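Reviewing the structure listed below.
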Amino acid sequence: MNDARLLILQFVVAVALVTLSVQLVRMHLVELPIPPAGSDALSVREIPIEAPRGLVLDRDGEVLARNVPLFTVAVVPGELPTDAAGRRSALLAVEQQTGVPLRTLERAMVTGLATIDPLVPVEVYRGFNLQDAIALRAALAATPGVRVQTRAMRLYSGGELLGHVLGHVGPIPAEGAEEYLAAGYRLDERVGQSGVEAVYESQLRGQLGHRVVLADPTGREVEHLTQVDAVAGADLVLSIDVDLQRATAEALEQGLDAGLEAALSLEIRHDQPLERIGAAVVIDVRTGELLAMVSSPSYDANTFSGLDPDADTVALLTDAGRPLVHRAFQEVRSPGSIFKPLVGAAALQEGIATPLTQIRSTGSLTVRSIYDPDVIYVFKDWTVHGVLDFYGGLVRSSDVYYYYLAGGYDDPDDETSFEGLGVERVARYGREFGLGAPTGLDLPGEAGGLMPDREWKEATYGEPWVLGDTYTLGIGQGYLTVTPLQMAVAAAAIANGGEVLVPRVARGFRMGDEVQLLPREVAGLLPIDAEHLAVVREAMKRTADGPLGTARRGEPEGITIGGKTGTAEFGPQHPDDEFDTHGWFIAFAPYDEPEIALAVYLNHGSGALHAAPVAHDILYAYFNPPTAQVGTLASPDTTGGAP
């Protein structure tokens, strides 16, 4: 054989191999059209194999989200008979077997994803058992375009404990279909819609498999050709400790009851019902892992799972208490006096104050108007404190002390003068602690709050910033708004020596026996010297540990903590000249070697009387767990890096 003939033969063989390869690819990857009804031809079809979605576990391995089977009847619009009579006959058969009205079936065939891809199965009936599935499959076997199939659905445990965190999965929305198709999804897949189900969709999803079969014109499988197995998604391990989450939720509910009862007992007529809402956050000060994050009211993620046909999603969506909003990170409030440790740290760093700086509180501070000398503004303290040093100013939560630190004081009558931080420095340090911007939490919908300054007020209201604005900012009131999560992160930064951590609810992923933990993330380092943070920690210790400390109700017996209360006024002034108040509490513990920090927020109540006991019970639960448990995962590396 000469070289020319050999080359020709090689070319012919190559063409044949390429043709065969293309045909195989088409068989594996392309769903060929089904011949018209009545044809005897067989067609090659690709049947998807659903990938098991990864489980969601708590930090100790308790399963929080699992897969359970759900039997459904689905209709493929593109496989229905093309003639009107045959199409109607097929849908009438479905109506007869399922009870779903013909009008509903007809509408489902021409709306939603059916308008994008008519070969996507449209679920029309679900929630029946295995015996019913067998009977329906037999009854509808000869009906073209109709399938009785099994789909994996999500079942969530914990009731209302973790609804916001877990989220839910659901069908691909029609408006996002193109994006999902571009990412390699089939239109009949279910995807994460909220919570960690949405944030970690790509890891939980896994990889679809498929079977290639020969099918007759009715869609029935005649012969199996080949198969590519699905790959299960990774299990997501949360940082949440379910036992601590439960204890935190119980403590918060008691605090909400107490705060609301106190608000209603006052001689104040409220025209509208009071909102019973609150939140609590527990964060590991070494890693940023969230051990508990509770919001009240809450909801059960199973409401949106699709398993319960009686679930009233409309009632949940229209609830006046807005239970779908997580108050720990999606809603902002004025923090009140829990902002004072941040102001104190800034004052120490800037040389405005030392631990020995003394300021006298006579119960109020007066300032003469710069526009009209006859007008005098009065800024009240919550009581008369007398002379206080830096520690006493925080222990007694003196407003006057922090008016001085934030805005300073200059009285021309007695030549008293004190340099304060000023609004720009207060705002700058507040931002260093992470206020005024989202923390980077791995859940959707985080609010950033507001860290106001001179430029912001002029742009927003067209008015200049005045000294009174700085005074109210210095005690955590006025325009300043935060989330409980932000204040927990700030408390953690004070406790750990200045690392502003990125909080997260995901701890790592598990594939088989291998576990990969997520690295800790540091958003920034406080520009505050260690010696000054140590002074603030000592002041918070005395606030919680001393007989005169406003935070003493937050400290469990046998545990030394650092704590701070906050009682922030809000809403309209009542006839008795008083305001409703939010109750706040931040803390870290244990004092000598901090492990956790927390923040408690009650929409109604006092920091000292109502929020502090909530913190007490949370701290007690953390240091006295119900049972000794051995974690399923190794600990990540933590080195480096108004009353």
Checklist entry - In region 546-576, what count of residues is obtained for those that are surrounded by fewer than 19 Cβ atoms within 10 Å (Cβ to Cβ) and either acidic (Asp, Glu) or at positive phi (or both)? => result 5
Item to check | Filter pass, GLY336 being more than 24 Å from VAL169 (Cα to Cα), exposed (fewer than 13 other Cβ atoms within 10 Å of the Cβ) and at pLDDT 90 or above | outcome: no
Next on the checklist: Among (1) under 24 Å from the mean Cα position of the chain (by Cα); (2) modelled with pLDDT of 95 or more, there is one condition ALA258 misses while meeting the rest; what is its number?
Outcome noted: (1)
Next on the checklist: Name the residue that is nearest to TYR622 (Cα to Cα), counting only residues in region 519-557 that are among the small types (Gly, Ala, Ser) and modelled with pLDDT of 95 or more.
Outcome noted: GLY554
Next on the checklist: Within region 295-308, take every residue that is part of a loop (DSSP other than H, G, I, E, B) and not aliphatic (A, V, I, L, M) and give me the one that is least open to solvent (accessible area, probe 1.4 Å).
Outcome noted: SER305
Item to check | Residue list for region 150-181, filter: open to solvent by 40 Å² or more (accessible area, probe 1.4 Å), closer than 30 Å to GLU95 by Cβ and either part of a helix (DSSP H, G or I) or among the polar types (S, T, N, Q) (or both) | outcome: THR150, ALA174, GLU175
Checklist entry - Of everything in region 182-214 that's open to solvent by 30 Å² or more (accessible area, probe 1.4 Å) and in a loop (DSSP other than H, G, I, E, B), which residue is farthest from THR72 (Cα to Cα)? => result ALA183
Next on the checklist: Against the conditions (1) open to solvent by 60 Å² or more (accessible area, probe 1.4 Å); (2) under 23 Å from GLY176 (Cα atoms); (3) not in a loop (DSSP other than H, G, I, E, B), where does ILE134 fall short? Just the number, please.
Outcome noted: (2)
Item to check | Number of the exception - ARG66 against (1) modelled with pLDDT of 90 or more; (2) closer than 28 Å to TYR125 by Cβ; (3) in contact with a helix residue (DSSP H, G or I) (Cβ under 8 Å, 6 or more places away or on another chain) | outcome: (3)
Next on the checklist: Here are the criteria: (1) open to solvent by 60 Å² or more (accessible area, probe 1.4 Å); (2) more than 42 Å from the chain's Cα centre (by Cα). Tell me which single one LYS380 does not satisfy.
Outcome noted: (2)
Checklist outcome for this item: In region 113-134, anything of a type outside the set (Val, Ile, Thr) and under 14 Å from ALA93 (Cβ atoms) is listed as TYR125
Checklist outcome for this item: Within region 215-259, the residues that are in contact with a strand residue (DSSP E or B) (Cβ under 6 Å, 6 or more places away or on another chain) and either acidic (Asp, Glu) or part of a loop (DSSP other than H, G, I, E, B) (or both) are ASP216, GLU221, GLU223, ASP229, ALA230, ALA234, ASP235, SER239, ASP241
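To keep it simple, each residue is scored yes or no on (1) within 23 Å of VAL600 (Cα to Cα); (2) assigned to a loop (DSSP other than H, G, I, E, B); (3) open to solvent by less than 50 Å² (accessible area, probe 1.4 Å).
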{"position": "ASP310", "(1), (2), (3)": "no, yes, no"}
{"position": "PRO323", "(1), (2), (3)": "yes, yes, yes"}
{"position": "HIS326", "(1), (2), (3)": "yes, yes, yes"}
{"position": "ALA353", "(1), (2), (3)": "no, yes, yes"}
{"position": "THR357", "(1), (2), (3)": "no, yes, yes"}
{"position": "THR366", "(1), (2), (3)": "no, no, no"}
Checklist entry - When you look at LEU70, is it under 30 Å from GLU289 (Cβ atoms) and touching a Lys or Arg at 6+ places or on another chain (Cβ under 6 Å), yes or no? => result no
Checklist outcome for this item: The lone condition VAL522 fails out of (1) within 23 Å of MET293 (Cα to Cα); (2) touching an Asp or Glu at 6+ places or on another chain (Cβ under 6 Å); (3) surrounded by 19 or more Cβ atoms within 10 Å (Cβ to Cβ) is (3)
Checklist entry - Of the conditions (1) open to solvent by less than 30 Å² (accessible area, probe 1.4 Å); (2) at pLDDT below 95; (3) closer than 30 Å to GLY448 by Cβ, ALA292 fails just one. Which one is it? => result (2)
Checklist entry - When residues of region 40-80 are filtered for being farther than 25 Å from GLN203 by Cβ, open to solvent by 30 Å² or more (accessible area, probe 1.4 Å) and in contact with a Ser or Thr (Cβ under 8 Å, 6 or more places away or on another chain), how many remain? => result 1
Checklist outcome for this item: The condition of being out of contact with any helix residue (DSSP H, G or I) (no Cβ under 9 Å at 6 or more places or on another chain) and open to solvent by less than 20 Å² (accessible area, probe 1.4 Å) holds, among VAL242, VAL285, only for VAL242
Next on the checklist: Being open to solvent by less than 30 Å² (accessible area, probe 1.4 Å) and not in a helix (DSSP H, G or I) narrows it down to one residue among VAL120, VAL94; which is it?
Outcome noted: VAL120
Item to check | Positions within region 414-460 being outside any helix (DSSP H, G or I), closer than 20 Å to ALA490 by Cβ and among the hydroxyl-bearing types (Ser, Thr, Tyr), in sequence order | outcome: THR439
Checklist entry - Can you tell me which residue in region 140-149 is nearest to GLY209 (Cα to Cα), limited to those that are assigned to a loop (DSSP other than H, G, I, E, B) and open to solvent by 40 Å² or more (accessible area, probe 1.4 Å)? => result ALA141
Checklist entry - TYR461: of a type in the set (Phe, Trp, Tyr), more than 17 Å from the chain's Cα centre (by Cα) and crowded, with 24+ Cβ neighbours inside 10 Å, yes or no? => result no
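The values are calculated or read from the model by the stated rules, or taken from the named source; none is laboratory data. These figures come from a predicted structure and were not determined experimentally. So basically every Cβ, Gly included, is an ideal-geometry build from the backbone, and we count neighbours across all protein chains shown. Heads up: the accessible areas ignore ligands, DNA and RNA and are worked out on the full protein's heavy atoms, side chains in. Shrake-Rupley method; radii C 1.70, N 1.55, O 1.52, S 1.80 Å.
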